[in-house]
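S.K.: Below is one structure. I have some questions about it.
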Amino acid sequence: GRIATCSITDRDALNASKWVSRTEGIIPALETSHAFAALKSHPFKPNSTILLNVSGRGDKDLRTLMND
């Protein structure tokens, strides 16, 4: 019960990357976008503390994002 895992599709990660870019003004790497997608799909408690490491640069993934 100490860890829960989930599966995120590439489509979910692309959508999450666009969501974070629009709402926060940063372009996360697609690897990090999988974690952002998991945040949107996981039912957290109102007082939960969430730590997410935003690593990598999303500008290297712009071609993929723009072709989507």
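What follows is calculated from the coordinates using simple rules that are stated; it is not laboratory data. The structure presented is a predicted model; accordingly, all values stated were derived computationally and were not measured. Because the Cβ atoms are built from the backbone with ideal geometry, glycine has one as well, and the counts that use them run over all protein chains shown.
S.K.: So for the chain, taking the charge dipole from beta-carbon charges (+1 Lys/Arg, -1 Asp/Glu), which of Leu30, Leu51, Thr9 sits furthest toward the positive end?
M.R.: Leu51
S.K.: Oh, and also: Regarding the chain, what are the three Cα extents along the principal axes, ordered largest first, in Å?
M.R.: Here the Cα extents, ordered largest to smallest, are 39, 22, 17 Å.
S.K.: How large is the helix-only mean residue ellipticity at 222 nm for the chain, computed as the sum of -39500 (n - 2.57) over DSSP H runs with n ≥ 4, divided by its residue count, in deg cm²/dmol to the nearest 500? Present the calculation step by step, with values, prior to reporting the outcome.
M.R.: Details: 3 runs with 32 residues, N = 68.
Value at 222 nm, helices only, nearest 500: -14000 deg cm²/dmol.
S.K.: If you fit an axis through the alpha-carbon atoms of helix 10-24 and take the longest principal axis of the Cα set of the chain, what angle between them do you get, 0 to 90°, nearest 10?
M.R.: 90 degrees
S.K.: If you place +1 on the Cβ of every Lys and Arg, -1 on the Cβ of every Asp and Glu, and leave all else neutral, what size is the dipole of the chain about its Cα centre, to the nearest 20 Debye?
M.R.: Working: 9 positive and 7 negative charges, 34 e Å.
Its charge dipole is roughly 160 debye.
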